[in-house]
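Peer 1: What follows is a structure written as structure tokens; I'll ask about it next.
The values are calculated or read from the model by the stated rules, or taken from the named source; none is laboratory data. For clarity, every value in this text was computed on a predicted model and none was experimentally measured. Every residue, glycine as well, gets a Cβ built from its backbone with ideal geometry; the counts of neighbours run over all protein chains shown. For the accessible areas, the whole protein counts, side chains as well, though only heavy atoms, and no ligand, DNA or RNA atoms are used. Shrake-Rupley method; radii C 1.70, N 1.55, O 1.52, S 1.80 Å.
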Amino acid sequence: MPGWLSLLELQNPLNGIDVTQMPTCAIENVQRYKALSRAELDVMMELPCECEQVPLQKLINQHSCSKCDGLYWYSFCMGDVVQESCTWHCTKCGTCRDWQEWHCLRCNRCSYGVTLPCDGCGSRERDPWI
């Protein structure tokens with residue numbers, strides 16, 4: 001049975017992990033998460049609000065600051081703690097992005113700016129699912 005379980009984990013690396021509160025970045029980087037040692041998960045990280053420090057383990061899922069109620073998570077892409085309202089993970093590009101960026105359907109890359117058109121191709125085709 002242990003060999004069978006290992007085969008399942010190879011086929012689906014999310015087996016055995018509760019992903020209900022995990023941001024997309026952590027889910028897409030689950031192999032990197034699983035490779036972290038206990039010591040690495042225990043490293044204290046300062047929240048961008050500077051209200052408190054919490055262990056990295058708490059930031060794998062969304063974490064609410066006990067003082068300001070801001071939501072934060074660890075971005076594997078950026079290698080730092082980010083604020084939920086200011087950062088998102090583009091599943092098409094596979095990287096974390098600033099809230100002001102959006103994914104262009106025409107050129108299939110993220111473009112900066114809250115207004116259209118795309119700075120790369122001039123398209124106004126924003127991906128509505130991201």
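Peer 1: Starting at the first residue of segment 86-96, write each ³J(HN,Hα) from the Karplus equation 6.51 cos²θ - 1.76 cosθ + 1.60 with θ = phi - 60°, in whole Hz, x for Gly and Pro.
Peer 2: For segment 86-96, the Karplus curve yields 10, 9, 9, 10, 7, 6, 6, 8, x, 9, 6 Hz.
Peer 1: Between 0 and 90 degrees, rounded to the nearest ten: what's the tilt of helix 2-11 against the longest Cα principal axis of the chain?
Peer 2: Long axis of 2-11 versus the principal axis of the chain: about 10 degrees.
Peer 1: Something else: Using +1 at the Cβ of each Lys and Arg and -1 at the Cβ of each Asp and Glu in segment 43-117, identify which of 96, 110, 45 lies farthest towards the dipole's positive end.
Peer 2: The Cα lying farthest towards the positive end belongs to 110.
Peer 1: OK, next. Using Cα centres only, tell me the gap between segment 70-96 and segment 50-64 in whole Å.
Peer 2: 13 Å
Peer 1: Going from most exposed to least, what order do 64, 75, 85 have by accessible area with a 1.4 Å probe?
Peer 2: In descending accessible area the options line up as 85, 64, 75.
Peer 1: Would you work out the Kirkwood radius for the chain? I mean one over the mean of 1/r across all pairs of different Cα atoms, in Å.
Peer 2: Over the chain, the inverse of the mean reciprocal pair distance is 16.4 Å.
Peer 1: If the elastic network links every pair of Cα atoms under 10 Å, which of 22, 45, 78 fluctuates the most in the Gaussian network model of the chain?
Peer 2: 78
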